[in-house]
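Chemist: Next up is a structure, given as structure tokens.
The values are calculated or read from the model by the stated rules, or taken from the named source; none is laboratory data. This is a predicted model, so every value here is computed, not measured. With ideal geometry, Cβ positions are generated from the backbone for all residues, glycine too; neighbour counts draw on all protein chains shown.
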Amino acid sequence: MDSRTRARLKAQTQVMKALAHPTRLFVVEQLAKHELCVCEITRMVGVDTSTVSKHLSLLKNAGIVDIDKRGTNIYYSLKMPCVVNFFSCMQLVLESRAREYMTLAG
């Protein structure tokens, strides 16, 4: 594997790792609908602000979300909307696997 391929795969791995948590997946799903303030995300997730901030920081560092500071509020938006297509694809795979399992079990 050459260095260029290795760098590309490493960057893709960073995105996958950033998405590999239920809270972060939830946040991305919500941001696909519209931008949200950290306070709104905190209420939706139901954990403390510092935990939400850590999750958002991981998503931002991976290039998945973007921030917009407005006064004392910080708003997040989805910078990588194509990630929603990945979720749709993943859902199709999960549904297919479930059907296969039901066929084998039945």
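Chemist: Need at least 2 residues that are modelled with pLDDT of 95 or more per element, so show me which helices (runs of 4 or more DSSP H) inside the stretch 1-64 make the cut, counting only ones lying wholly within it.
Modeler: Helices (runs of 4 or more DSSP H) meeting the threshold: 22-33, 38-45, 49-61.
Chemist: Can you name the number of the only condition in (1) out of contact with any Phe, Trp or Tyr (no Cβ under 8 Å at 6 or more places or on another chain); (2) in contact (Cβ under 8 Å) with a residue 24 or more places away in the chain that SER88 fails?
Modeler: It fails just one condition, (2).
Chemist: In addition: Of the residues in the stretch 37-48, how many are surrounded by 14 or more Cβ atoms within 10 Å (Cβ to Cβ) and more than 15 Å from PRO22 (Cβ to Cβ)?
Modeler: 4
Chemist: Of everything in the stretch 13-36 that's exposed (fewer than 11 other Cβ atoms within 10 Å of the Cβ) and over 9 Å from the mean Cα position of the chain (by Cα), which residue is farthest from GLY71 (Cα to Cα)?
Modeler: It comes out as LYS33.
Chemist: Restricting the stretch 65-89 to residues that are modelled with pLDDT under 95, over 25 Å from THR13 (Cα atoms) and not charged (D, E, K, R), which is surrounded by the most Cβ atoms within 10 Å (Cβ to Cβ)?
Modeler: The qualifying residue surrounded by the most Cβ atoms within 10 Å (Cβ to Cβ) is ILE74.
Chemist: Cβ contacts < 6 Å: first residue over 21 Å from ASN85 (Cβ atoms), restricted to the stretch 49-66; second residue of a type in the set (Lys, Arg), any location; separation 6+ or different chain. Result?
Modeler: Pairs found: HIS55/ARG24.
Chemist: Another question, if that's okay. Which residues, counting only those in the stretch 68-85, are in a helix (DSSP H, G or I) and touching a residue at least 24 places away in the same chain (Cβ under 8 Å)?
Modeler: VAL83, VAL84
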